[in-house]
Every structure is written in C-alpha cells, then in structure tokens.
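The values are calculated or read from the model by the stated rules, or taken from the named source; none is laboratory data. Every value quoted in this text rests on a predicted model; they were computed, and no experiment measured them. When we count neighbours, we look across all protein chains shown, and the Cβ atoms used for this are built from the backbone with ideal geometry, even at glycine. Accessible surface areas use protein heavy atoms only, side chains included; no ligands, DNA or RNA. Shrake-Rupley method; radii C 1.70, N 1.55, O 1.52, S 1.80 Å.
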Amino acid sequence: MDKKWLPLTVTLGVAGVAVVVASVWPDTVEQPPLSQSLCHGALSRETAELIDDGQGGEVSAGAWESKDRTHEHAVLTACHVLRAGQDGAERRGVFKLVVEDTRSAPGAEKGSAPLGAGFTGWALPDRAEVTLPTGCAARMGSTAPYIRASLEVPSQDEERLYRRGEKPPVDPDTATRNNATVMREVATRLAERYGCAD
C-alpha cells in the first residue's frame, strides 16, 4: 500500500455487535474542526441544518466507514445526521448520507431537479444523488470509475407520509432545493479535500 494512504480502523456497533472494519483515507488531508463539519468533512453544520423533519433541535452526526461485504467497495462511508430532541437528551435521525464507489454511470430519477451547472446529479424532496468529479475515485483509493454520494430524507418520503395520512414537514419544492444545496456542498468539499476537482 502506498504510504500516502492511512488505514483507518473504526469500530461500528450494529445491533449490539461490534464489527471492526477498515478503509483508506489520505493522511495528508487535514480534518476540519469538528465544530464546523460533519460526515468526514463532507458537510458544514450550517448546510446540514437545511434539512429538518419539522421538529427542530441541534444538529450532530454519527459517521462510520465500512467495507461492503457483497460488493467489496473500496470506499463506503455512511453518515447519519441527527437532531437533538426537545429535552436535548434523545437524538433522532434526520437524514443519511452515503459516499461509495460504483461502476454504474450517473443517471437521473424521473421528475428530479438537476443540481446545476458543474454538478452531475439530481434532487427530489426525499432523496438526492451526486457523482464526484472524474479522478476522485483513484484519489480515494478505488479502482471503480465513479464515486457517488446519495442522500435519504425519510421525513419527506411521499409514500410513507401518504400511508400515515401526514403532510410533509417541509414544502416539497423547498425540500428539493435544500437537498440540492446539500449535495452540491458534499461534491465540492470532497473534491477539494481529495484534490480531484474538475
């Protein structure tokens, strides 16, 4: 292994079972101050706060890296962004961000909004996706051609809301714009971090 890559071992508790996994991240990359960033530096707290489930609360995150057991991804990072409950003690998941390598070419979901000039991706009220610039995969230790970041926002899931007879906590157009903003920042920050911006 090239010396510029540093194995990062993280212990992940899944259903009460601790699993030790490893991934690679360049050791020359400076970690942003924890108070200013979430999800391994992919998001600023300010941008992460754009996505809300209508209940408010302070933003925090639980992030881990993992090796996918079925597809053997070289890069697979999942991050759950949380908000504190009213009493500040109980935290609830608000959205999930996954960064992974993939051999699938970027596409778009039906009815989705594009992320804008300079970005390959799309956004909907409950989910979004962006593909990082060419060259990021190699810089992040993958032999796959693409690195994709995907976002899931359960509180905006139309099918779940319909089954429960509930209205979305955030107007769908606003939620789509917020998701697009989050994904643009993820792509920009990760590309800058790994020196692979177009």
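Given the residues Gly111, Gly107, Gly118, Gly141, which is the only one that is among the small types (Gly, Ala, Ser), under 14 Å from Asp198 (Cβ atoms) and either in a loop (DSSP other than H, G, I, E, B) or at pLDDT 95 or above (or both)? It would help to see each step written out before you state the result.
Values: Gly111 fails: under 14 Å from Asp198 (Cβ atoms); Gly107 fails: under 14 Å from Asp198 (Cβ atoms); Gly141 fails: under 14 Å from Asp198 (Cβ atoms).
Criteria check complete, one pass: Gly118.
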Review point. What is the one condition in (1) out of contact with any His (no Cβ under 7 Å at 6 or more places or on another chain); (2) open to solvent by 30 Å² or more (accessible area, probe 1.4 Å); (3) at pLDDT 55 or above that Asp27 does not satisfy?
Key: (3)
Point to revise | Options Arg177, Arg184, Arg164, Arg193: the member that is surrounded by fewer than 17 Cβ atoms within 10 Å (Cβ to Cβ), out of contact with any Ser or Thr (no Cβ under 8 Å at 6 or more places or on another chain) and over 12 Å from Arg127 (Cα atoms) | key: Arg164
Study note, to complete from the structure: Expected output for the range 115-139 (first residue more than 15 Å from Arg103 (Cα to Cα), partner modelled with pLDDT under 95 and among the aromatic types (Phe, Trp, Tyr), Cβ below 6 Å, 6+ apart or cross-chain) is Arg139/Tyr194
